[in-house]
Amino acid sequence: MLNLTTTSDVIRVITSASSQIECHASWVDVQSGAGSLGRKNTIITTATTTTIVPSPGSGVQRNCRQIAITNDHATAACIVAVEHFDGTTASELISFTLLPGENMMF
């Protein structure tokens, strides 16, 4: 599980090539002991850095439960890195090469 505990914390994906990278993230936000579910689908088509899990609101702790990343391009492989960014420092969590049609669960 990944915990985002400040309004600056995000989870980002860095892609190395133009491809069709499809990301899904699911999370639970906890505030004052109550939880609410959230999710986001993101499609990345260029070599770039993209936020796939946004920061929680003030006083909210976000617990990221699942990240799925798929290379849906017919021919292009792509190096993908997942990182936690706290607004100042980026920490790489995992890096991998996705061949066409491959996916990973985190």
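Here are a few things to note about the model shown:
- Hey, Ile52 open to solvent by 50 Å² or more (accessible area, probe 1.4 Å), modelled with pLDDT of 95 or more and either within 14 Å of Phe106 (Cβ to Cβ) or assigned to a strand (DSSP E or B) (or both) or not: no
- Single residue of region 17-32 satisfying the filter (polar (S, T, N, Q) and open to solvent by 10 Å² or more (accessible area, probe 1.4 Å)) that is farthest from Glu102 (Cα to Cα): Ser32
- The residues in region 55-72 that are open to solvent by 70 Å² or more (accessible area, probe 1.4 Å), of a type outside the set (D, E, K, R) and touching a strand residue (DSSP E or B) at 6+ places or on another chain (Cβ under 6 Å) can be counted, and the count is 1.
- Number of residues in region 73-106 that are open to solvent by 50 Å² or more (accessible area, probe 1.4 Å), touching a residue at least 40 places away in the same chain (Cβ under 8 Å) and of a type in the set (Val, Ile, Thr): the value is 2.
- Enumeration of residues in region 1-16 that are crowded, with 16+ Cβ neighbours inside 10 Å, at pLDDT 95 or above and either touching a Gly at 6+ places or on another chain (Cβ under 9 Å) or of a type outside the set (S, T, N, Q) (or both): Leu4, Asp9, Val10, Ile11, Arg12, Val13, Ile14
- Here the strands (runs of 3 or more DSSP E) wholly within region 6-49 that include at least 3 residues being of a type outside the set (Asp, Glu) and more than 22 Å from Ser95 (Cβ to Cβ) are 21-31, 34-44.
- Test: residue in region 33-41 that is touching a strand residue (DSSP E or B) at 6+ places or on another chain (Cβ under 9 Å), surrounded by 14 or more Cβ atoms within 10 Å (Cβ to Cβ) and of a type in the set (A, V, I, L, M): no
- Residue list for region 57-106, filter: among the aliphatic types (A, V, I, L, M) and not in a strand (DSSP E or B): Val60, Ala74, Ala76, Ala77, Leu99
The values are calculated or read from the model by the stated rules, or taken from the named source; none is laboratory data. All of these numbers come straight from a predicted model, not from anything done at the bench. Methodologically, a virtual Cβ is constructed for each residue, glycine included, from the backbone with ideal geometry; neighbour enumeration extends over all protein chains shown. Side chains included, ligands, DNA and RNA excluded: accessible areas come from the protein's heavy atoms. Shrake-Rupley method; radii C 1.70, N 1.55, O 1.52, S 1.80 Å.
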